[in-house]
Amino acid sequence: MPPLRASLGFGTMSQLDEFSRPSFEQYLAVTSGLLVRGRTSEGNPFINYVLPLAASDDLIMDCVLAIGGAHKSVLDAKNRQLEVVARGHYARILAGLRKVLAGRAGSTFGSAGEDKQVYMVLILLLLCVLEGVQGDVNGAVHHHLRAARQYAAPLAARSRGPSPHKLRYIHGFLLEIYAVFALEFSITPRGILQDQPFELDPFLESLAFLGEYKSCGFMLGFGHGLFGMIPEISKLVEARRAENLDEGASSSLYHSYRSLVSKLDSWDEYADILEENCLSPRYEQATAANIYRNALIIYLHGAFHDNLMDEPELMAEIELRIDKMLPLCWAFYSGSSPLRRMMLWPVSVLASCCSKRHHIEAFRYGLNINPQAPGAVRATARVVRLLWEDEDPRAFGPRGLDWIMKKHGISFSMC
């Protein structure tokens, strides 16, 4: 065990009661490793950044214990005591957050307005992480992200360029988590929250600012240029959704759709590589971007075609894309690259368009292969299974994912 991990582990566990100690051990040994999605010279920020703060702040420690406890509960769903302990920490987080907002509790970062904002973003984003770990299906991430948004934009504005702020190192950590959750959430089917779109901040249209931080790549270790296209894609799909889907798309929207598909089709993954030596190898980054790029194309097709199965040429194109992407997905399923943890959204989009039995079985196996998988993976596997099993023709494609989630009263983040 590395020195920092060891000192924090042994020192902190001695202060925990017998019910919370297993949750901390789970976070330290397993869960924190599943939260990072890329390599970085800073190691694992969920250990090296979060735990030193948690050691001196009860609210942050409750976040750590809730995350570890929720993961432990997901892995042992029959043990109700684990769920009770995790929910106890969750309740304390919400109560503590209300006190901070009301000015009845201080921040471990300091009393200045900027310090409080950084603290609020940290707690709210750790809540987003928690919801993903426990597999919340009631739209909690949507509400946490909306609350975090009012603090994230000013934080991003202050973080550009040199800053003497004592917490500058944590700024990049928070902004990268926020960027990943916000961007992916904007293109994730929202189910019962369909009528509550999530507005993206203008600063997310270019992710170059993340490169200013040593932790760059721990959550998004590939395709920063590709992800910079998501705000435009999300805005276009929302505009299309606002139209009457029984009528053809307006000429301007259709032109934008074809233009984006063409741009994605010609995207050079190797020209969109993060070059630091400590980051993931070039071929891993390019493979991840290729999978994501093809899923974005299918996502756009689904938005602009009411029923994909009524379009033989388009279906042939989609099946060809699945044929090409499936071996790449398998390379991530069977490998150890942390980038595989960014594949949940693209895999769900690809899987939603499967009509061939061998495609379905391959994605079914891949979504259920990891016995340590957090709740969001299990929730996604369930939604995709419900879609495959539903004989209604509407249960197909990205739009079908949204339909099946509405049908079953589900809304969750695939982040």
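When the residues of the stretch 351-366 are filtered to those that are surrounded by fewer than 22 Cβ atoms within 10 Å (Cβ to Cβ) and either of a type outside the set (D, E, K, R) or touching a His at 6+ places or on another chain (Cβ under 7 Å) (or both), which remaining residue is farthest from residue 285 (Cα to Cα)?
Looking at the filtered set, the residue picked out is 355.
Take the conditions (1) closer than 18 Å to residue 221 by Cβ; (2) in a helix (DSSP H, G or I); (3) not aromatic (Phe, Trp, Tyr); residue 380 misses just one of them, which is (1).
Determine whether the stretch 383-394 contains at least one residue that is within 16 Å of residue 410 (Cβ to Cβ) and in contact with a Pro (Cβ under 7 Å, 6 or more places away or on another chain). Within the stretch 383-394 (the criterion being within 16 Å of residue 410 (Cβ to Cβ) and in contact with a Pro (Cβ under 7 Å, 6 or more places away or on another chain)), the answer is no, since none of the residues qualifies.
Would you confirm whether or not the stretch 265-283 contains a residue that is in contact with a Phe, Trp or Tyr (Cβ under 8 Å, 6 or more places away or on another chain), without any contact (Cβ under 8 Å) to a residue 24 or more places away in the chain and within 22 Å of residue 338 (Cα to Cα)? Yes, the conditions are met somewhere in the stretch 265-283. How many of the residues in the stretch 385-410 are in contact with a helix residue (DSSP H, G or I) (Cβ under 9 Å, 6 or more places away or on another chain) and not in a helix (DSSP H, G or I)? Result for the stretch 385-410: 9. Of all residues in the stretch 110-139, those satisfying the criterion of being under 22 Å from residue 24 (Cβ atoms) and either without any contact (Cβ under 8 Å) to a residue 60 or more places away in the chain or out of contact with any helix residue (DSSP H, G or I) (no Cβ under 7 Å at 6 or more places or on another chain) (or both) are 119, 124, 125, 136.
Filtered by the rule that a residue be within 30 Å of residue 52 (Cα to Cα) and charged (D, E, K, R), the stretch 170-200 gives 176, 184.
Residue count for the stretch 27-45 under the criterion of being surrounded by 22 or more Cβ atoms within 10 Å (Cβ to Cβ) and closer than 20 Å to residue 288 by Cβ: the result is 6.
For the stretch 46-105, a tally of residues being in contact with a Pro (Cβ under 7 Å, 6 or more places away or on another chain) and touching a residue at least 60 places away in the same chain (Cβ under 8 Å) returns 2.
For residues that are of a type in the set (Val, Ile, Thr) and modelled with pLDDT of 95 or more, scanning just the stretch 330-374, find the one that is nearest to residue 217 (Cα to Cα). My answer is 347.
Filter the stretch 228-276 down to residues that are crowded, with 16+ Cβ neighbours inside 10 Å and in a loop (DSSP other than H, G, I, E, B) and give me whichever is modelled with the lowest pLDDT. Taking the candidates together, the pick is 249.
Considered as a group, the residues in the stretch 359-415 that are closer than 19 Å to residue 131 by Cβ and small (Gly, Ala, Ser) include one that is farthest from the chain's Cα centre (by Cα), and that residue is 409. Scanning the stretch 337-347 for any residue that is closer than 21 Å to residue 253 by Cα, touching a residue at least 24 places away in the same chain (Cβ under 8 Å) and small (Gly, Ala, Ser) turns up nothing.
Step by step: first the residues of the stretch 99-134, then only those that are assigned to a helix (DSSP H, G or I) and among the polar types (S, T, N, Q), then the one that is farthest from the chain's Cα centre (by Cα). Which residue is that? Among those that are assigned to a helix (DSSP H, G or I) and among the polar types (S, T, N, Q), it is 117. Within the stretch 43-76, the set of residues being touching a Phe, Trp or Tyr at 6+ places or on another chain (Cβ under 7 Å) and closer than 23 Å to residue 332 by Cα comprises 45 only.
Does the stretch 171-181 include one or more residues that are over 27 Å from residue 296 (Cβ atoms) and at pLDDT 90 or above?
If we filter the stretch 171-181 for residues that are over 27 Å from residue 296 (Cβ atoms), which is where we start, we get 171.
Retained after the next criterion (residues that are at pLDDT 90 or above): 171.
Taking every residue of the stretch 171-181 in turn, at least one turns out to be over 27 Å from residue 296 (Cβ atoms) and at pLDDT 90 or above.
Conditions tested, residue by residue: (1) surrounded by 24 or more Cβ atoms within 10 Å (Cβ to Cβ); (2) charged (D, E, K, R); (3) farther than 21 Å from residue 61 by Cβ.
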residue	(1), (2), (3)
117	no, no, no
139	no, no, yes
142	no, no, yes
145	no, no, yes
149	no, yes, yes
153	no, no, yes
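Among helices (runs of 4 or more DSSP H) entirely within the stretch 1-98, having at least 1 residues that are modelled with pLDDT under 90 and touching a Lys or Arg at 6+ places or on another chain (Cβ under 7 Å) singles out 3-13.
The values are calculated or read from the model by the stated rules, or taken from the named source; none is laboratory data. Note that the coordinates shown come from a computational prediction; the quantities given were computed from them, not determined experimentally. All Cβ positions, even for glycine, are placed from backbone atoms using ideal geometry, and neighbour counts span all protein chains on display.
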